[in-house]
Amino acid sequence: MERFMRVFERAIVYAAQALLMLVILAALVQLWVLFTVALRERVADIDTIPLLTEAVQRAFSGVLLIVLGLELLETLRVYFTHHRVRLEIILVVAIIAIGRHVINLDFEHLPGATVAGIAALIVALTAGYYLVRKAGAADTG
């Protein structure tokens with residue numbers, strides 16, 4: 001039964017990795033399509049700094065989405081090779097996801113409490129990442 005469980009787990013992780021690779025590839029292709037269409041059709045319409053900022057923010061958000069997928073793929077790879085989930089990678093994924101979300105926010109129309117909550121979340125995640133890294137360095141050093 002133990003052997004069956006290992007084979008089953010390995011098959012599930014391989015299937016998840018394959019699916020995630022396809023999702024990342026499809027997202028990358030779609031990002032390139034959106035970029036080339038926007039470049040062709042909308043670049044001439046960008047005539048102010050706010051419009052440029054909005055266009056660049058959307059591009060950065062798309063790239064961070066791809067990076068998020070790659071970090072999730074790394075999480076699966078580490079799980080498959082070491083049979084454990086590395087908290088450091090999970091925190092990186094969360095930080096990237098929050099960063100992507102922050103890029104898309106319209107801070108002019110957000111309540112102060114929401115901005116403070118997002119700031120607290122970012123501080124908590126980065127402090128957690130720092131502490132995990134520091135603990136890892138202490139374990140190896």
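All of the numbers you see were taken from the coordinates with simple rules; none came from a lab. Predicted model, so just to flag it, every value in this text is computed and none were measured. Don't worry about glycine lacking a Cβ; one is built from the backbone with ideal geometry, like all the others, and counts go over all protein chains shown.
Summary of values
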| read-out | value |
| --- | --- |
| Dipole of the chain, positive end: most advanced residue of LEU110, LEU91, GLN17 [Cβ charges, Cα centre] | GLN17 |
| Descending principal axes extents, the range 2-141, alpha-carbon based, whole Å | 63, 35, 28 |
| Potential extension, VAL78-ASP139 segment - 0.36 nm per residue separation minus Cα distance | 20.1 nm |
| Sites THR114 and ALA44, calculated FRET efficiency, Cβ-Cβ separation with R0 41 Å, nearest 0.05 | 0.70 |
| Gained length - PHE35 relative to MET21, 0.36 nm times residue gap less alpha-carbon distance | 3.0 nm |
| Label-point gap, in nm, between VAL63 and ARG10 - each point 7 angstrom along Cα→Cβ | 3.9 |
